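Novice: My structure is below; once you've seen it, I'll send some questions.
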Amino acid sequence: MMISSALNFTEDDPCLVLQTNDAGLQAHNPTSAPGSSQDELVQAILNAGMRAAEHADGRASKKYFYGTASAWIAALNALGAIAWAKHAHNVPDVGELWQVTGPAASLHFMQVLVPFNE
């Protein structure tokens, strides 16, 4: 469970949602365990300037991130630079990326296809 937040995600301060797929992680990066591959993706997002949301128990999320629009774009570029994570024909994708904007009462979700799904 995530902490209920008063964060208001806008186009200037979006949320990024990373939904990984263990079968895709294993297929794209067979020398690493899916958890290690996910950690590599998460680290790329954090190094780009996004911040991990916190679970109610204080643990950092590996799924929900927020930050500025420039950090969001930097995160997409960083993920795109990970060669093994890119879409490959007839191989399960490593996951999905979503951009979330709007206030808590009316969130807007947009799937981002690059680099994982296109």
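Nothing in this text is a laboratory measurement; each read-out follows from the coordinates by a stated rule. This one's a predicted model, so the numbers in the text were calculated from it and none came from an experiment. FYI the Cβ positions are ideal-geometry reconstructions off the backbone, even for glycines, and counts take in every protein chain you see.
Novice: If you place +1 on the Cβ of every Lys and Arg, -1 on the Cβ of every Asp and Glu, and leave all else neutral, what size is the dipole of the chain about its Cα centre, to the nearest 20 Debye?
Specialist: I would put it at about 120 debye.
Novice: I've got another one for you. Give me Rg/Rg_expected for region 15-112, where Rg uses Cα atoms only and Rg_expected = 2.2 N^0.38 Å with N residues.
Specialist: Ratio of Rg to 2.2 N^0.38 Å for region 15-112: 1.08.
Novice: Could I ask something else about it? For 55, 89, which order do you get if you count the other beta carbons within 10 Å of each Cβ and list the fewest first?
Specialist: Ranked by crowding around the Cβ, least crowded first: 89, 55.
Novice: Out of residues 5 or more away from residue 95 or on other chains, whose amide H comes under 5 Å of its own, with H placed 1.01 Å from N in the peptide plane?
Specialist: Amide H neighbours of residue 95, under 5 Å, 5+ apart: 21.
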